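See below for the structure under consideration.
Coordinate-derived values only; no laboratory data. Since the model is a prediction, treat every value here as computed from it, not as a measurement. Neighbour counts run over all protein chains shown; Cβ positions are idealised from the backbone, glycine included.
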């Protein structure tokens, strides 16, 4: 569990997502399950460092939902764009808090970029 708390991305696999509160493995962390822990999806993501847009479900289920959305043309039905509706969002530009998940992804990408010929260069201090 300590390993999952240090890197919450490991809690999400192709077939399961592990609840970082109780350690249970599920296909999806539902609002009902999160309510049992007296939390919400947004609070859970914030607490454990997930990106706010990450679905709390296993990768296979997320793929299934994405394929279904493409098949039924869901994107064409979405008519509102928040940045157009609220000009204050445009003034903010790209400023937003960086989550633990995002910083871990960036760190891993930088490490992959430093590898040359199978030899990993030391990380900058």
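For the pair residue 35 and residue 63, a Förster radius of 35 Å applied to the C-beta separation gives a FRET efficiency near 0.85, rounded to the nearest 0.05. Protection proxy ranking for 48-56, 29-37, using the average of other Cβ atoms within 10 Å per residue and placing the highest first: 48-56, 29-37.
For the chain, the spread of Cα coordinates along the three principal axes comes to 49, 40, 31 Å, biggest extent given first.
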